[in-house]
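Here's the structure we're looking at; comments come further down.
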Amino acid sequence: MWSREQLAARAAKELQDGFYVNLGIGIPTLVANYIEHDQHIVLQSENGMLGMGPFPYAGEEDADLINAGKQTISTLPYSSFFSSADSFAMIRGGHIDLSILGAMEVAENGDLANWMVPGKMIKGMGGAMDLVAGVKRVVVVMEHVAKDGSAKFKPKCLLPLTGANVVDMLITDLAVFSRPDRNSKFELIELAPGVTVEEINAKTTAAFTLKAPMASI
Amino acid sequence: MIPSVAISNQRKVFPDATSALQGLLSDGITVMSGGFGLCGIPENLLLALRDSSVKNLTIISNNAGIDDVGLGMLLKTRQVKKMISSYVGENKEFERQYLAGELQIEFNPQGTLAERIRAGGAGIYGFYTRTGAGTSVAEGKESRIVNGQTYILEMGLTADVAIVKAWRGDTEGNLIYRKTARNFNPVMATAARVTVAEVEELVPAGSFDPDHIHTPGIYVQRLIQGTHYTKQIEQRTVRPRS
């Protein structure tokens with residue numbers, strides 16, 4: 001089983017040199033800590049910035065410089081700023097290579113639910129629907145099962161969708177599922193240390209195929 | 001004759017936020033308000049809007065402020081009838097009024113919201129987007145399938161008044177924003193019948209390199225030099241010096 005940090009490190013392996021990447025809130029934000037030193041990765045923040053830098057040093061916080069999670073951040077030598085309309089034009093227009101985001105549920109057909117739970121206060125979808133509809137490749141990072149132990153990778157999402165058939169890869173604390181294109185089924189390609197295919201079968205209701213031989217970590 | 005700087009346009013400059021909103025407000029109007037979270041919000045104009053006691057407002061803004069700050073002030077005074085936003089998670093009073101049925105909300109995906117405003121300002125009646133296809137956002141909307149992809153029709157958005165915040169402005173209404181405080185401000189400036197801008201520094205026309213202007217003055221009808229900016233930070237995150 002992978003910890004949050006290990007999950008972020010595994011997701012970081014999906015980054016490729018030269019990629020423009022948007023990271024969601026939560027575990028996806030941690031992925032930035034695992035970018036390889038020889039890789040040039042440009043992080044996009046959908047409130048209007050490319051080249052998002054790390055948190056500022058204490059005393060250097062700037063109220064005019066925040067990320068999409070409203071956290072203070074810093075610039076890098078290659079940063080640029082732009083309006084929300086320009087930001088989502090680059091997202092919707094397919095100019096961002098990769099989006100890594102969290103989920104409440106993923107369906108076997110690639111449907112994603114991560115923005116509302118009926119009966120609870122609806123906070124809004126923010127930029128999530130735009131990201132999954134426009135970014136070239138969508139990687140979801142989530143815990144394999146819900147707090148009550150029920151499967152989150154399912155035949156069909158029960159929660160309202162963020163996007164239909166938008167997920168390309170699913171990385172959980174137990175395993176990695178991937179598919180080459182959005183007409184294909186998900187394939188189990190990796191297991192976290194100490195996790196067996198039997199455990200995945202027991203904790204997953206979605207249909208998936210098995211890669212043979214299974215990569216062992 | 002070529003107009004000189006000496007006779008440049010001073011009509012746009014107002015002494016303060018209250019006078020800049022004079023004659024523009026009435027109950028039930030639609031107001032666009034710039035900013036992302038509390039970053040780049042028109043602090044002075046929001047205060048003046050609250051103090052005007054105008055009611056039943058429809059507010060188009062990405063977020064709803066936090067309790068007691070930004071649009072949160074106008075929620076507290078019950079001046080807002082409806083919000084058109086993408087995310088309102090930081091506001092308890094919002095939640096209370098919404099659950100009590102006192103406040104309407106229309107959620108838009110953030111990029112769809114930005115593009116609807118851009119379209120409204122650019123004279124585009126509507127546009128087809130993949131965003132939200134197959135979700136509840138698509139309900140009741142016309143859709144088209146092109147090359148196997150479903151696109152939904154979203155309409156342009158306009159407002160009676162837009163209130164925006166820039167870093168610097170000149171007496172012609174040309175605006176320059178700073179860092180991520182730009183966000184929704186430039187698009188909103190284009191999409192209202194009257195746009196009122198507040199700036200941290202107001203300078204004479206001719207002070208800016210024309211190549212550096214983000215919002216050309218044609219989009220700004222009224223302008224004030226703001227005062228007493230608090231520029232509150234929602235999530236102060238820092239790293240240690242190693």
The one condition in (1) surrounded by fewer than 22 Cβ atoms within 10 Å (Cβ to Cβ); (2) outside any strand (DSSP E or B) that A:SER87 fails to fulfil: (1)
Conditions (1) of a type in the set (Gly, Ala, Ser); (2) closer than 21 Å to B:ASN183 by Cα; (3) buried (at least 18 other Cβ atoms within 10 Å of the Cβ) -> A:GLY93 fails only (3)
Do we find that B:GLY134 is at the interface with another protein chain (Cβ under 9 Å from one of its Cβ atoms) and either more than 15 Å from A:GLY126 (Cβ to Cβ) or at pLDDT 95 or above (or both) in this structure? yes
Working carefully through the options B:VAL194, B:VAL187, find the one that is within 13 Å of chain A (Cβ to nearest Cβ) and either surrounded by fewer than 24 Cβ atoms within 10 Å (Cβ to Cβ) or assigned to a helix (DSSP H, G or I) (or both). B:VAL187
How many of the residues in the range A:64-81 are out of contact with any helix residue (DSSP H, G or I) (no Cβ under 8 Å at 6 or more places or on another chain), at the interface with chain B (Cβ under 7 Å from one of its Cβ atoms) and in a loop (DSSP other than H, G, I, E, B)? 1
Filter the range A:8-60 down to the residues that are touching an Asp or Glu at 6+ places or on another chain (Cβ under 6 Å) and surrounded by 13 or more Cβ atoms within 10 Å (Cβ to Cβ), then identify the one that is farthest from B:ARG182 (Cα to Cα). A:PHE19
Going residue by residue through the range A:170-184, is there one that turns out to be under 13 Å from the mean Cα position of the chain (by Cα), within 27 Å of A:GLU5 (Cα to Cα) and within 14 Å of chain B (Cβ to nearest Cβ)? no
Quickly run through the range B:205-242 and pick out the residues that are of a type in the set (Ser, Thr, Tyr) and either out of contact with any helix residue (DSSP H, G or I) (no Cβ under 9 Å at 6 or more places or on another chain) or within 14 Å of chain A (Cβ to nearest Cβ) (or both). B:SER207, B:THR215, B:TYR219, B:TYR229, B:THR230, B:THR237, B:SER242
Residues of the range B:127-179 being polar (S, T, N, Q), in a loop (DSSP other than H, G, I, E, B) and over 19 Å from the mean Cα position of the chain (by Cα), which ones? B:THR131, B:THR135, B:ASN147, B:THR171
For the range B:201-235, which residues satisfy the criterion of being crowded, with 18+ Cβ neighbours inside 10 Å, of a type in the set (Ser, Thr, Tyr) and not in a strand (DSSP E or B)? B:TYR219
Suppose we keep only residues that are more than 10 Å from chain A (Cβ to nearest Cβ) and not in a strand (DSSP E or B) within the range B:93-113. Which one would you say is nearest to B:PHE127 (Cα to Cα)? B:LEU103
I'd like the residue in the range B:149-179 that is among the aromatic types (Phe, Trp, Tyr) and closer than 27 Å to B:LEU57 by Cα and, out of all such residues, is surrounded by the fewest Cβ atoms within 10 Å (Cβ to Cβ). B:TRP167
Can you tell me which residue among A:ASN109, A:ASN33 is closer than 21 Å to A:ALA12 by Cα and either within 12 Å of another protein chain (Cβ to nearest Cβ) or without any contact (Cβ under 8 Å) to a residue 24 or more places away in the chain (or both)? A:ASN33
Out of the residues in the range B:42-69 meeting the condition of being at pLDDT 95 or above, assigned to a loop (DSSP other than H, G, I, E, B) and out of contact with any Ser or Thr (no Cβ under 7 Å at 6 or more places or on another chain), tell me which one is nearest to B:VAL220 (Cα to Cα). B:SER52
Of all residues in the range B:119-131, count the ones that are at the interface with chain A (Cβ under 9 Å from one of its Cβ atoms) and over 20 Å from A:ALA68 (Cα atoms). 2
Considering only residues that are touching a residue at least 40 places away in the same chain (Cβ under 8 Å) and surrounded by fewer than 15 Cβ atoms within 10 Å (Cβ to Cβ), look in the range A:150-163 and name the one that is farthest from the other protein chains (Cβ to nearest Cβ). A:PRO155
Out of (1) in contact with a strand residue (DSSP E or B) (Cβ under 6 Å, 6 or more places away or on another chain); (2) surrounded by 19 or more Cβ atoms within 10 Å (Cβ to Cβ); (3) closer than 30 Å to B:GLY111 by Cβ, the odd one out for B:THR58 is which? (2)
Are any residues in the range A:1-29 outside any helix (DSSP H, G or I), of a type outside the set (S, T, N, Q) and touching a helix residue (DSSP H, G or I) at 6+ places or on another chain (Cβ under 7 Å), and if so, which ones? A:TRP2, A:LEU23
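The values are calculated or read from the model by the stated rules, or taken from the named source; none is laboratory data. A quick note: this is a predicted structure, and the numbers were derived from the prediction, not measured. With ideal geometry, Cβ positions are generated from the backbone for all residues, glycine too; neighbour counts draw on all protein chains shown.
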